[in-house]
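What follows is one structure encoded as structure tokens, with my remarks underneath.
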């Protein structure tokens, strides 16, 4: 079969099944409309990154030699950093930060604060990441997080015996813009494209399962002889 004939057959299928293609596409478009502005004008994001070093409060008499004191201090620092990094990701830490923000006159939900925060740790260095679209709120949240981290750890770690962990920030609070990921910008268009491709698949499946015979070529493909043909009006 020649290429023009194949194109005519494809066009005929699309014209018969257009609603199967259009329906999933329209549904995907309707679901993507609220976020379509993200394609043209993406919402800016900002980040604050602060590194800390931390140690447990000193315990007199826990070691006898200089080597023991040094080893215990560094080992305790690693343990403190690991556990503080885990605490930063909890709801209890978000509540502490929310309370400090409220005291400063900012009403922010606990889950909103928790969504801003991420953390990591490498040996004796703890890293706090905060991400938000409002730079002023981000700065205030970062300062509240530093305060909660340096002052409230003893309320959640009985190992500290009532004293806050010794936490020292190594960086100042600096708000920097983040590039918007290309996948996030194109997500609404990708959803519409998926709907369109799904519609094409439905149209192809419907055509494959349809037992109707519509053209001379389809009859001849079945091995049947055509005795007469009524011309179109």
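When 121, 133, 153 are screened for being modelled with pLDDT under 95, farther than 26 Å from residue 25 by Cα and exposed (fewer than 14 other Cβ atoms within 10 Å of the Cβ), only 133 passes. Here the helices (runs of 4 or more DSSP H) wholly within region 30-118 that include at least 1 residues being closer than 20 Å to residue 132 by Cβ and at pLDDT below 85 are 37-40.
All conditions but one from (1) more than 22 Å from residue 93 (Cβ to Cβ); (2) modelled with pLDDT of 90 or more; (3) assigned to a helix (DSSP H, G or I) apply to residue 187; the one that does not is (2). Residue 8 falls short on exactly one of the conditions (1) out of contact with any helix residue (DSSP H, G or I) (no Cβ under 6 Å at 6 or more places or on another chain); (2) at pLDDT below 80; (3) not in a helix (DSSP H, G or I), and that condition is (3). The requirement of being over 20 Å from residue 15 (Cβ atoms), in contact (Cβ under 8 Å) with a residue 12 or more places away in the chain and assigned by TED's automatic domain parsing to the domain that holds residue 33 is fulfilled somewhere in region 194-201, by at least one residue. Inspection of region 133-155 identifies at least one residue that is under 25 Å from the mean Cα position of the chain (by Cα), over 20 Å from residue 81 (Cα atoms) and not in a helix (DSSP H, G or I).
Selection within region 156-184: residues that are in contact (Cβ under 8 Å) with a residue 12 or more places away in the chain and in a helix (DSSP H, G or I). The member of this set that is surrounded by the most Cβ atoms within 10 Å (Cβ to Cβ) is 160.
Return the residues of region 66-85 that are free of Cβ contacts under 8 Å to residues at least 12 places away in the same chain and surrounded by 12 or more Cβ atoms within 10 Å (Cβ to Cβ); say none if nothing qualifies. Within region 66-85, 69, 71, 72, 75 qualify. Entry remark, region 214-233: residues being over 60 Å from the mean Cα position of the chain (by Cα) and within 19 Å of residue 16 (Cα to Cα) number 0 in total.
The values are calculated or read from the model by the stated rules, or taken from the named source; none is laboratory data. The structure presented is a predicted model; accordingly, all values stated were derived computationally and were not measured. For neighbour counting, all protein chains shown are included, and Cβ atoms are generated from backbone atoms with ideal geometry for every residue, glycine included.
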